[in-house]
Amino acid sequence: MPLFPTAANSLRSGAVFAFAAFCATPAFASTERLEAELQALFADGGELQIGELSDAFLRSRYTAEDVVYTSVDGERLHIGSYVVHGDYDEPERVTLEDIRIEDALTDLVLLSIDEVVLNEPSRAVYSHYDAQAGEDYRLGGLTIDQLMVDLSSDAAQALMEETGARGQGRLEVERIYGESLSAEAVGLLELTNLSATGENLEGFGSGSLMLESMRLEELTGLQEKGEEQLGLLLLENMQIDSDQLVGRFDRLRIDGDISDAEAGMQLDAFEIDLERMIAMAPAAERAQMRMASNVLTDGSGQLKLDAGFTGRWEQQEGHSVLGGDSNINIDNAMRLLFDMNVPLILPNNAEPMEAFHDTSLLDAATLLGGDLSLTLSDMGLFSRLVTVGAALEGISEAQLIEQARTQAQGFGMMFGPEVQQVLLGLVTLLEGSAEELEINIDLPAESNLETYTNDPLGVSRQLDVQVETR
């Protein structure tokens with residue numbers, strides 16, 4: 001019987017070892033009861049040995065020491081001590097210390113944990129039999145200290161089953177802390193000082209990853225595919241150094257809690273080492289990659305950016321307002337700002353919160369005007385585009401700009417003066433006579449998305465577009 005057959009399904013919160021801790025509870029709490037439940041847990045095959053059983057009646061503590069299970073597949077699980085604290089039927093906590101999974105033939109450690117603390121578990125022992133019977137399992141809190149996993153082991157494959165990751169390497173986490181955990185939801189999950197090194201990992205390649213901290217809050221809907229909802233995800237000081245990606249960022253914050261009618265994403269100090277990635281790329285692709293890198297980074301080979309996206313709902317009398325703002329800043333290249341403010345009426349008296357889950361409501365909504373604003377600031381990108389474009393075409397920069405102006409005027413004749421204004425504004429950035437282009441759009445008083453999707457070529461004529469350059 002393989003060790004931990006239900007690791008991928010237990011809590012989905014990273015508590016991959018809590019699965020081997022629990023089973024249904026008989027009527028009277030005792031060390032014999034604990035022994036029987038551990039025996040039942042591993043009843044499908046292999047061999048289980050328990051070194052010593054003891055209890056501390058006055059302190060309501062039941063202990064099994066030196067628990068060793070050797071599976072028929074040749075893996076050996078060792079738990080130094082397994083302790084149930086408090087009332088056996090409603091434990092205050094369960095602690096497991098010195099946990100190891102080893103290859104029984106080579107003694108190679110495939111997984112190790114210093115200590116697992118399960119606070120307020122719904123059962124003292126829980127097994128895959130309980131899961132198959134539909135028994136729920138809940139934790140008030142969880143702490144895992146000093147986790148190490150061999151990424152080629154069965155335990156690692158079970159842990160990462162849903163990610164599809166495969167390969168060889170080592171994963172270490174200093175601490176995992178959780179609150180309010182169940183198969184349906186995660187109240188809080190925190191990881192501290194995660195590091196990994198590996199080879200041939202799918203989607204990652206070969207290299208290393210370091211993450212100072214991860215915090216996840218209010219993850220719900222885990223039992224229903226497509227119904228998952230995330231309150232907050234916060235990653236801090238992440239660094240990837242692999243043969244597919246070399247980069248880092250200070251902070252990534254994803255706010256998915258829409259109960260306050262606002263959600264969004266913020267990425268701070270994201271950096272990609274394009275120079276190193278070009279050096280690792282196939283030789284046939286390097287020239288094109290280096291050209292793109294030079295345009296984006298002015299030859300430094302280091303792409304640096306910050307980005308933020310926020311969406312908001314406001315409920316007003318008789319209608320809702322969909323608002324938002326976004327910004328992307330690429331260091332030494334460009335800055336893009338976008339703002340929107342669109343009042344609308346949702347169909348069937350729907351609430352704004354419903355539109356986050358059912359986008360068809362937005363498709364059928366009546367737009368009551370509103371405005372959009374986009375600002376594009378040149379910080380060196382456009383002049384480099386002219387230089388590269390002229391070199392590729394074999395013409396002068398002045399000739400390239402005139403070609404762009406002629407094309408802008410031609411598109412304007414086809415699609416209207418609004419499009420022409422925008423394209424000619426871009427030409428002013430290319431020729432360096434302006435550093436900023438601002439586009440303001442006023443929507444008509446009453447329309448819907450079909451108004452625009454049914455006639456995409458005529459969209460510009462339905463809008464009030466104003467273009468300014470500075």
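The values are calculated or read from the model by the stated rules, or taken from the named source; none is laboratory data. Here the structure is a predicted model, which is why all the values come from computation and not from measurement. Virtual Cβ from ideal backbone geometry, glycine too; neighbours counted across all protein chains shown. Note: areas computed on protein heavy atoms with side chains; ligands, DNA, RNA excluded. Shrake-Rupley method; radii C 1.70, N 1.55, O 1.52, S 1.80 Å.
One residue is enough: does the range 356-368 have a residue meeting the conditions in contact with a Lys or Arg (Cβ under 8 Å, 6 or more places away or on another chain), more than 30 Å from ASN294 (Cβ to Cβ) and at pLDDT 90 or above? No: the range 356-368 contains no residue that is in contact with a Lys or Arg (Cβ under 8 Å, 6 or more places away or on another chain), more than 30 Å from ASN294 (Cβ to Cβ) and at pLDDT 90 or above.
If PRO347 satisfies all but one of (1) surrounded by fewer than 16 Cβ atoms within 10 Å (Cβ to Cβ); (2) in contact with a Leu (Cβ under 7 Å, 6 or more places away or on another chain); (3) over 30 Å from ILE258 (Cα atoms), what's the number of the condition it fails? PRO347 satisfies every listed condition except (3). Of the residues making up the range 303-322, those that are open to solvent by less than 70 Å² (accessible area, probe 1.4 Å) and not charged (D, E, K, R) are LEU303, LEU305, ALA307, GLY308, THR310, GLY311, TRP313, GLY318, HIS319, SER320, VAL321, LEU322.
Residues checked against (1) of a type in the set (Lys, Arg); (2) in contact (Cβ under 8 Å) with a residue 40 or more places away in the chain; (3) over 28 Å from LEU194 (Cβ atoms):
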residue: ALA36; (1), (2), (3): no, no, yes
residue: ASP55; (1), (2), (3): no, no, yes
residue: THR63; (1), (2), (3): no, no, yes
residue: GLU75; (1), (2), (3): no, yes, no
residue: ASN119; (1), (2), (3): no, no, no
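Kindly establish whether GLY389 is closer than 26 Å to ARG335 by Cβ, open to solvent by less than 70 Å² (accessible area, probe 1.4 Å) and not in a loop (DSSP other than H, G, I, E, B). Criteria met by GLY389. Going through (1) at negative phi; (2) open to solvent by 60 Å² or more (accessible area, probe 1.4 Å); (3) not charged (D, E, K, R) one by one, LEU361 falls short only on (2).
Among the residues of the range 184-191, is there at least one that is at pLDDT below 95, of a type in the set (A, V, I, L, M) and more than 24 Å from ARG251 (Cα to Cα)? Within the range 184-191 (the criterion being at pLDDT below 95, of a type in the set (A, V, I, L, M) and more than 24 Å from ARG251 (Cα to Cα)), the answer is yes, since at least one residue qualifies.
Looking only at the range 340-366, count every residue that is more than 24 Å from VAL422 (Cα to Cα) and either of a type in the set (Phe, Trp, Tyr) or outside any helix (DSSP H, G or I) (or both) and tell me the total. Of the residues in the range 340-366, 11 are more than 24 Å from VAL422 (Cα to Cα) and either of a type in the set (Phe, Trp, Tyr) or outside any helix (DSSP H, G or I) (or both).
If the condition is being surrounded by fewer than 16 Cβ atoms within 10 Å (Cβ to Cβ) and free of Cβ contacts under 8 Å to residues at least 40 places away in the same chain, then the range 427-450 contributes only SER433. Take GLY256 and decide whether it is open to solvent by less than 80 Å² (accessible area, probe 1.4 Å) and more than 13 Å from the chain's Cα centre (by Cα). So GLY256 does not fit the description; no. For the range 426-470, a tally of residues being part of a strand (DSSP E or B), aliphatic (A, V, I, L, M) and either touching a Leu at 6+ places or on another chain (Cβ under 9 Å) or at pLDDT 95 or above (or both) returns 4.
If you go through the range 165-200 and keep only what is touching a Gly at 6+ places or on another chain (Cβ under 9 Å), small (Gly, Ala, Ser), in contact (Cβ under 8 Å) with a residue 40 or more places away in the chain and closer than 28 Å to GLU120 by Cβ, you end up with GLY178, SER180. Pairing each residue of the range 278-307 that is touching a residue at least 40 places away in the same chain (Cβ under 8 Å) and closer than 18 Å to VAL388 by Cα with any residue that is open to solvent by less than 30 Å² (accessible area, probe 1.4 Å) and small (Gly, Ala, Ser), provided the two are 6+ apart or on different chains, yields C-beta distances under 6 Å for LEU296/ALA333; ASP298/GLY380.
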